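Here, each number is a calculation from the coordinates, and none is a lab measurement. Values in this document were obtained by computation on a predicted structure and should not be read as measured data. When we count neighbours, we look across all protein chains shown, and the Cβ atoms used for this are built from the backbone with ideal geometry, even at glycine.
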Amino acid sequence: MINFFVFQILSHFIIIYKRIKHISDNGETDLISEFAGYLLSGNEGDSFVHIVHNGFMKAKKRIWFTSAKVTDFMIPNPKTKEAFQFSQRLYQLAKRGIKIKFILAPKEREKNFYQKLKDVENIEIAFCYNMHMKVILIDSTWLYFSSANLTGAGLGSRTRDGRNNFEIGTITIDQKAIELVELLLQDIWIGSKCENCYQKQKGYCKGIEMR
């Protein structure tokens, strides 16, 4: 597995342009945010360390998660090799006082992962019919977004060759990009995106739903 610092050196330094709708004091404006990040790609499992152990497991205050699908994948301790389920790791983080918010697709409500965490203090879960983006945002300082759902195969937890999905994603600490993404997440969370939602207008969705 590639050492994280070696990975940073070897990774392509990339500039990404992402169009984000932002409501300003003067009305709705299209912004293009240019920012720097590091590219994660492939299916060898190297990404797992960067996303999990060097990512959300180091959170100090709060974490946002968004995904269309979640599974209760195993997270090993890199020192002892003892493994815990994703839900168990989140429970441990929540007990330390870290505030955790999920925005998931409604179908995830019926799954065991949600049932395990729905009553845990410091964990809040909302459901959005249109949720398809995959984001992990930590302490308003570290951002990961990608094609990968919150699953073992998506994030690269499977150690056997060929068992992980081919995914691509980016890690950035660019503050402007983080602020824009966090604003979007907050807008979705409070339901401000629901008014003009096609799914809601057609009656497919009641709007953002909290646990």
Fill in the blank from the handout: Checked against a 22 Å limit on the C-alpha separation, the offending pairs among K60/K111; K107/K202; K134/K176; K116/K206 are K60/K111; K116/K206
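Order the peptides 172-178, 199-205, 92-98 from the highest to the lowest mean number of other Cβ atoms within 10 Å of their residues. Walk me through the intermediate numbers first.
Values: 172-178: 16.3, 199-205: 12.6, 92-98: 14.4.
Ranking, from highest mean packing down: 172-178, 92-98, 199-205.
Report for the range 99-174 the percent antiparallel among DSSP-assigned beta bridges with both residues inside it, nearest 5.
65
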Handout entry: Size of charge dipole - the range 56-209 - debye, nearest 20, with Cβ of Lys, Arg +1 and Asp, Glu -1, no other charges
Key = 380
Completion exercise
Computed over the range 75-132, the relative contact order (Cα-Cα under 8 Å, seq sep at least six) in percent reads 35
Completion exercise
Taking R0 as 25 Å and r as the Cβ-Cβ distance between K81 and N165, the FRET efficiency 1/(1 + (r/R0)^6), rounded to the nearest 0.05, comes to 0.60
Practice task
Tell me the label-point distance for the pair E44, N122, using the 7 Å Cα-to-Cβ offset, in nm and rounded to one decimal.
Solution key: 3.6
Fill in the blank from the handout: One finds, for R96 and E182 with R0 = 25 angstrom and r their Cβ-Cβ distance, a FRET efficiency to the nearest 0.05 of 0.70
